[in-house]
Amino acid sequence: MNARKAVAGLGGRYYAGLFGLLVLIYLGFSLLVAPSKAALKTYHLSVGGARAITISFVVPLVLVWTAGLFGSLKMRQYAKLVKGSPEAHGLNILSLGLLLLVLTQPMASDLSSLVGQITKHSADALPTLTIINNYIQIILMAAAMASIASGASNLSALAKRRNNETLERLLWALGLIVFSILYGYFLVAHRLQGPAGYNPYFMPNWLVLLTIAVPYLFFWYLGLYASLCIFKYQLNVKGLIYKRSLVYIAGGIVAVIVSSVFVRFLATIANRLTRLSITPVLIIIYVFLGITGLGYLLIAWGARKMRRIEEV
């Protein structure tokens, strides 16, 4: 089945159309809007140089998102083909979550770009729009990760229970507690060590921790938990290709979550990034692109291999 048929199936045209619209808006913000004069001055760039750097980042990112879109659509097709089987329900929900994950990436980027353009002309709106943007980003992640976790949990329920699951849960809980403490400390400490009046979230520390840090930690945990569930499920299924497909998808979800953690880290230290020269900033950008690309390409590759099982 070719790519066009893959998109056409199961409402694929609607999702592809929505994705295309979101990507066009993203490209418009990225390539048509004039670069910030402050950024040009800070990094000693010409307008042409800034455009070239933007293209070198934007085009690969869009291609990576596109790979994720086709991967999620192929998984939805596979779930349709095995309808009535024990794993069909879990695979269907999982594919929906992966599709939401892909669609929310350009959506979140469009929203952030829109906020940036509005605040260029209305600086007074920056605190309000920043707060709104932060919460919408959380909602977008919540929708995707909750669906992925639900589908993966359905698949995991089909797997045989193991004797070491109690220890496994304790280790996961301990890891979450440690990471939560470190992440919360990082948010507060970075703000206290910043310049006087520096407050990237425009909210008191306790509110940032309660309504931003905790939700992100929870949904990152859900995504990692989903990856574990998928991995556990593949240990109990037959077929080498099917097992490898699931491993790729689990690994891809982990990489996407790591890229999300990376973005939150960058958002917190944004003021320090402006003090760096262009070279380390570009390295940071390309590291993010590499992690994101790895995640979506693994998901797409795993879904493609899974879909081809039924074509043999």
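The values are calculated or read from the model by the stated rules, or taken from the named source; none is laboratory data. Please read these numbers as outputs of a predicted model, since none were measured by experiment. Please note: Cβ atoms are built from the backbone with ideal geometry, for glycine as well, and neighbour counts cover all protein chains shown.
Step by step: first the residues of the stretch 200-216, then only those that are part of a helix (DSSP H, G or I) and among the aromatic types (Phe, Trp, Tyr), then the one that is surrounded by the most Cβ atoms within 10 Å (Cβ to Cβ). Which residue is that? Filtering first and then ranking leaves TYR216. Taken together, LEU22, LEU40, LEU10, LEU45 contain a single residue that is touching a Pro at 6+ places or on another chain (Cβ under 8 Å) and at pLDDT below 85, which is LEU45. Considering the conditions (1) outside any helix (DSSP H, G or I); (2) more than 27 Å from MET306 (Cα to Cα); (3) out of contact with any Lys or Arg (no Cβ under 9 Å at 6 or more places or on another chain); (4) not aliphatic (A, V, I, L, M), SER85 is excluded by exactly one of them, (2). Look at GLY251 and say whether it is under 16 Å from ILE148 (Cβ atoms) and crowded, with 21+ Cβ neighbours inside 10 Å. The answer is no for GLY251. Across the stretch 219-262, the number of residues qualifying as small (Gly, Ala, Ser) and over 11 Å from LEU298 (Cα atoms) comes to 6. Within the stretch 83-101, one or more residues are without any contact (Cβ under 8 Å) to a residue 12 or more places away in the chain, touching a helix residue (DSSP H, G or I) at 6+ places or on another chain (Cβ under 6 Å) and under 19 Å from LYS243 (Cα atoms).
If I go through the stretch 100-153 residue by residue, how many of them are of a type outside the set (Gly, Ala, Ser), at pLDDT 90 or above and more than 19 Å from TYR201 (Cβ to Cβ)? Count: 11.
For ASN92, state whether it is within 22 Å of ARG13 (Cβ to Cβ) and assigned to a helix (DSSP H, G or I). Explain how you work it out, then say what you get.
Details: within 22 Å of ARG13 (Cβ to Cβ): yes; assigned to a helix (DSSP H, G or I): yes.
Yes: the conditions hold for ASN92.
The set of residues from the stretch 33-55 being part of a loop (DSSP other than H, G, I, E, B) and closer than 14 Å to ILE278 by Cβ comprises PRO35, SER36, HIS44, LEU45, SER46.
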